[in-house]
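The values are calculated or read from the model by the stated rules, or taken from the named source; none is laboratory data. These numbers were taken from a predicted model, which means no experiment stands behind them. Every residue, glycine among them, receives a Cβ derived from its backbone with ideal geometry; neighbour counts consider all protein chains shown. Only protein heavy atoms, including side chains, enter the accessible area calculation; ligands, DNA and RNA are left aside. Shrake-Rupley method; radii C 1.70, N 1.55, O 1.52, S 1.80 Å.
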Amino acid sequence: MLIGTGQFARTEQLIRLVAAKLVAPDVIAALDRPTDQVRIEGWDTIGARMEEAKCFLHGDNQGRDWRAVILGLRNDTGVKDLRVETLFSMSDQARLWHPLTDFLSDFQIQRQERELGTQALVPDTDLVTMDVAPLRLLGLDDLYAMQVNQPVSWSKQRECTQDLAAAAILLRFHQAVERHAMTDGLPHGLPLYATVKPVSRPMEVNALNFGEVATRRLSPVVGNFEARTAELVAEAKQAREAELIHDTRRLISQMREREAVLARWPVWHNPLKRHGFAEQVQREQRLTRDALQRMHGIEAGNADGETLIRLLVEARHGKVTPELLADLPAKDRSELHQISMAYAKMFGGRRVRAYLMAHPDRPAIVDEIG
């Protein structure tokens, strides 16, 4: 496998030869542009992503250091750009993707395993991988358009052009990773694995024997990311805290609204529907009390209403403040809750409808039901 072994010049020569034979000038024109126009956006955020990923580790893995970084080009026709997934491993021998094995014949699997055996694939012992927000591969828009656009009518030449474009994307990706690794580096100079994760269309050209996967293991220089990492980690922490506050306010707003709707729903009006809604309210309160006990060790007893809300806020944030107790606008509540309110508006009677319609920002899912 030429790309996996770093034979970039030979790979490009083969792509150009086949493109000339197939009369694919667009592929050749894309390859003629300087390679330094292709870059990975967000490379300087890898250090922050590395720190953020630790926040999601549990058990014995907490506090451990990452030993390797994995960058996987995601070949996905369902997105608007080329994404590069960032994963981190606690082993310096990282497990890499082994795509399409469910759809390959035994012969194809054996051939693929032989090819992978010459690369960086190693046992996945002592390994934890975690996908963090993807980076983007920039400068290959025209090749990507050629690779993902499906022809109106099938032709062998169109299909080969698409495959050539895919191979050129893969080549430029590996070149961009190597350039960034050698100039910008990585925090601590960790081993770096560059690979591809096919999703809908394999990045392969059978005639050139690129195979289903091309993987390289690099030893990047040590990059100086401390200042940028500290800045981004602080921003992420603030964002998480704001998101937690928003989530708490949404929970208590929904609890209050359901209880208010139930209080306005006459017991004689659609009693079976009211009973179903009351069970939903009681189930939510019971789940909240169970969560307080299980996750925070707080015994809520039979608490409900505002007492339960205050216990929930204190458990989540350590103290109760007016900001945390403030209701969110109705439009910011969950879709499931809006469906529940639409149900109440349909069956709860005049007082329930009047209460729900009193919110000017009520989403259409409720407003459109009379």
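Surface listing: ILE40, ILE339 arranged by accessible area from highest to lowest gives ILE339, ILE40, probe 1.4 Å. Look at the alpha carbon pairs under 8 Å that are at least 6 residues apart: their mean separation over the length of the stretch 288-370 gives a relative contact order of 21 percent. Sorting the segments 340-349, 243-252, 183-192 by their residues' average number of neighbouring beta-carbon atoms within 10 angstrom, most packed first, yields 340-349, 183-192, 243-252. Restricting the stretch 1-75 to chymotrypsin sites (Phe, Trp or Tyr not before Pro) that sit in a DSSP loop and have at most 14 other Cβ atoms within 10 Å of their own Cβ leaves PHE56. Could you sort out which of LYS319/LYS345; LYS54/LYS319; LYS273/LYS331 sit more than 32 Å apart by Cα distance in this structure? Check vs 32 Å cut-off fails for LYS319/LYS345. With one equal scatterer per alpha carbon and no solvent term, the Debye-computed log10 I(q)/I(0) for the stretch 244-312 at 0.12, 0.20, 0.24, 0.26 1/Å reads -0.35, -0.84, -1.07, -1.17.
Here the average projected area of the convex hull drawn through the C-alpha atoms of the stretch 227-282 stands at 4.6 nm². The Rg/Rh ratio of the stretch 7-66, with both radii computed over alpha carbons and Rh defined as the Kirkwood radius, is 1.33.
Highest mean packing first, where packing is the average number of other Cβ atoms within 10 Å per residue, the peptides 166-173, 137-144, 234-241 line up as 166-173, 137-144, 234-241.
Given N residues in the stretch 221-356, what is its alpha carbon radius of gyration divided by 2.2 N^0.38 Å? For the stretch 221-356, the normalised Cα radius of gyration is 1.35. Estimated from the Cβ-Cβ distance and a Förster radius of 22 angstrom, the FRET efficiency linking GLN62 and LEU244 is about 0.65. Taking packing as the residue-averaged number of other Cβ atoms within 10 angstrom, the listed peptides 318-325, 21-28 run from highest to lowest as 21-28, 318-325.
Extending 7 Å from the Cα toward the beta-carbon at both GLU323 and ILE28 defines two label points whose distance is 6.3 nm.
A simple count of charges around ALA330, restricted to other residues whose Cβ falls under 9 Å of its Cβ and scoring Lys, Arg +1 and Asp, Glu -1, yields -1.
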